[in-house]
Amino acid sequence: MAVWVTLAAGLLLAFLFRHRRFLQDARFVWDRIKSRNRVVKYTRANYRLLDRFAELVHAQPDKPFVLFREETFSYGDADALSNRAARGLLQSGHVKGGDTVALFLRNEPALLWLWLGLSKLGCSAALLNHNVRAKPLLHCFRCSGATVLLASAELQDAVEEILPSLVDQQVTVFIMADTAGTAHVKSFKDQMSRASSEPLPKDLRSHFSPTLYVFTSGTTGLPKAAVVTQAKLWAGSFLFGILGLKSDDVFYVSLPLYHFSGFMAFGATIERGSTMALRSKFSTSQFWDDCRKYDVTVIGYIGETMRYLCNTTKKPNDRSHKVRLAVGNGIRADVWRDFVSRFGNVKIVELYGATDGNLSLANYSGKVGAIGRDTFLYKCFFPYAVIKFDVEAERPVRDSSGLCIEVSKGEPGLLVSLISAISPFAGYAGDLQQTEKKVLHDVLKKGDSYVNTGDLLRTDADGFFYFHDRVGDTFRWKGENVATNEVADILMLADCIKEANVYGVEVPGLEGRAGMAAVILSDEQTFEPTVVFKHVENFLPSYARPRFIRIQTSMEVTGTFKLLKGKLVEEGFNPNRVTDPLYFLDEKEKNYVPLTVDTFNSGEIKM
């Protein structure tokens, strides 16, 4: 009998080992189905993330909720502060239920209390990128439909730049400072200090609809306000729990909260009832010290942050930490291996998704370099397709019947995801044209509609997904999407630049693509590197500033006068191949410096 039991057990183990990937796939799909059912249930019951927070305040008021610098804020503290924020806004007379308030703050606890406070009033929040300035900042504010701007004290100078326009539009401006300093800017700290921390009646949030507007560069033009509904907020929050976040974890967040991935860490912390250690800005030198200081167990990342950590000088205490799980996106396979080899057995889970999308993938199998897995099960319940795409024409390839063609394994293709009642596409606030532009019709059958992710993926023989490239006029650098048209418009405001063609170029050893601009100088003008550097420094966030500039006398265009970029991208910034004058951005010198053959060959260019 014992022999038969042993044999049966052996056969079962052999079956499970052989089909372990199927079992992983099935478990992940089952978890995603359960979380989707919860989203539907919560949406129908009008149960919001704020309601979950209220339950936690009642159940664990003294548990640490947010750790920031030397301060610890409990769930009870956060509730009281958000009540003050809500009452301060309400008593100002400038905010009422259903309004949208634009939040222009760096990573700081006040941003979290303000969002919770706005939720208690039934208001939406527009999370403005704190790196954006001037025209793009004003554009983001306008398209959110906000009537109130609330900014941190450190960003008051940026607010002052656009203040005349805000005043003309009768916008109310608050600054998180003790005193505001100007007639048109009010102190919100003073407003909060005079407000009660007593709970607010629930009927105040009866107007609540969208919860967030998060800005994305998209494929062209200025940033767009992606609508994040309560359902999407719940779905994103649940995902972290599926991937291993627990109630007793401490989640280290150094990604900007204006990013959906950063804000989702906040949402997941509430959903799990765990603790978040918040960092104002990612710091390579302080990262592991922070992890040890706060007893961090889970970290969020983008590829660049992981590479920076791997490039630091090795220390004896590299493995002296409690981090067990890293969740993020954009990590290269070689960096993945280096990170685990150096910092210990940390489970890395690579995600794929977009603020404005309706599909997410996750590498739950731990396959190095992959972003997810292409399976029949997942596609059945969360329909998507990878279709042939003409990169030069920038459109899907269609067959004689007008339908798109799915790619074969190993062939790069455009990822698209089905729009349905349970996988809706909310689009962009106040921009129906851009919303419709994001949708593809008649993809696999007549009458269907899919979201165009703008990303080319490929699969290997085992069905694992790998990121291949981004299509259109956007490239990714330092974890940010950079819209080439926006950068070109800014460059052409410089007196010496008449035309600009912006594109992304690969830099060996680095993730994403660095910005490069081929420019034509204005008549009788010479290139003024210092002036151009000051110009881009004033008007563009650091990640969007062109790292290389190429001076041309003419530009190639298509028959419809669209600038050609393919050859420019291929030639890159190698002076051995490019005869035009080249310059690179030297941050140490705060200038654009000539890029010569000797400089290029010496490897002295620093990113």
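The values are calculated or read from the model by the stated rules, or taken from the named source; none is laboratory data. Not measured: the values here are computed from a predicted model. Every residue, glycine among them, receives a Cβ derived from its backbone with ideal geometry; neighbour counts consider all protein chains shown. For accessibility, only protein heavy atoms count, side chains too; no ligands or nucleic acids. Shrake-Rupley method; radii C 1.70, N 1.55, O 1.52, S 1.80 Å.
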- Task: Give the residues of segment 286-316 that are small (G, A, S) and modelled with pLDDT under 95, sorted by residue number.
- Result: G303
- Query: Is it the case that L257 is assigned to a loop (DSSP other than H, G, I, E, B), more than 18 Å from the chain's Cα centre (by Cα) and buried (at least 19 other Cβ atoms within 10 Å of the Cβ)?
  - Reply: no
- Message: Show the residue pairs meeting these rules: Cβ distance below 6 Å; 6+ apart or different chains; first residue within segment 173-190 and closer than 19 Å to N83 by Cα and open to solvent by 50 Å² or more (accessible area, probe 1.4 Å); second residue of a type in the set (D, E, K, R) and part of a loop (DSSP other than H, G, I, E, B).
- Response: K189/D178
- Query: Is there a residue being exposed (fewer than 13 other Cβ atoms within 10 Å of the Cβ), more than 30 Å from G366 (Cβ to Cβ) and not basic (K, R) anywhere in segment 401-414?
  - Reply: yes
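Can you tell which of V502, V443, V487 is modelled with pLDDT of 95 or more, surrounded by 20 or more Cβ atoms within 10 Å (Cβ to Cβ) and among the β-branched types (V, I, T)?
V443
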- Wholly within segment 401-469, which strands (runs of 3 or more DSSP E) include no fewer than the required count, namely at least 3 residues that are out of contact with any Ser or Thr (no Cβ under 8 Å at 6 or more places or on another chain)? 449-459
- Might you check whether a residue that is polar (S, T, N, Q), under 30 Å from the mean Cα position of the chain (by Cα) and under 14 Å from L103 (Cβ atoms) occurs anywhere in segment 148-166? yes
- Note on the structure: For A225, the lone unmet condition from (1) in contact with a strand residue (DSSP E or B) (Cβ under 6 Å, 6 or more places away or on another chain); (2) surrounded by fewer than 21 Cβ atoms within 10 Å (Cβ to Cβ) is (2)
- Query: Considering only segment 96-121, how many residues are open to solvent by 10 Å² or more (accessible area, probe 1.4 Å) and under 17 Å from G145 (Cβ atoms)?
  - Reply: 5
- Note on the structure: Checked F251, F263, F240 against criteria (within 21 Å of L50 (Cα to Cα), out of contact with any helix residue (DSSP H, G or I) (no Cβ under 7 Å at 6 or more places or on another chain) and modelled with pLDDT of 95 or more); the one match is F263
- Here the residues within segment 197-212 that are in a loop (DSSP other than H, G, I, E, B), at pLDDT 85 or above and surrounded by 13 or more Cβ atoms within 10 Å (Cβ to Cβ) are S197, P199, L200
- Please state which one of A393, A385 is open to solvent by less than 50 Å² (accessible area, probe 1.4 Å) and either within 24 Å of the chain's Cα centre (by Cα) or of a type in the set (F, W, Y) (or both). A385
- Task: Can you confirm whether segment 485-496 contains a residue that is under 27 Å from S554 (Cα atoms), aliphatic (A, V, I, L, M) and under 21 Å from the mean Cα position of the chain (by Cα)?
- Result: yes
- Residues of segment 260-284 being assigned to a helix (DSSP H, G or I) and open to solvent by less than 40 Å² (accessible area, probe 1.4 Å), which ones? F260, G262, F263, M264, A265, F266, G267, A268, T269, I270, E271
- Message: I'm trying to understand the selection: among the residues of segment 463-475, which are open to solvent by 10 Å² or more (accessible area, probe 1.4 Å) and closer than 21 Å to V368 by Cα?
- Response: Y466, F467, H468, D469, R470
- Item | Matching option when the condition is open to solvent by 50 Å² or more (accessible area, probe 1.4 Å) and more than 22 Å from the chain's Cα centre (by Cα), among K347, K379 | K379
- Message: Cβ-Cβ under 7 Å, sequence separation 6+ or interchain: first residue in segment 20-47 and closer than 17 Å to G372 by Cβ, partner among the β-branched types (V, I, T) and not in a helix (DSSP H, G or I). Which pairs?
- Response: D25/T375; R36/I422
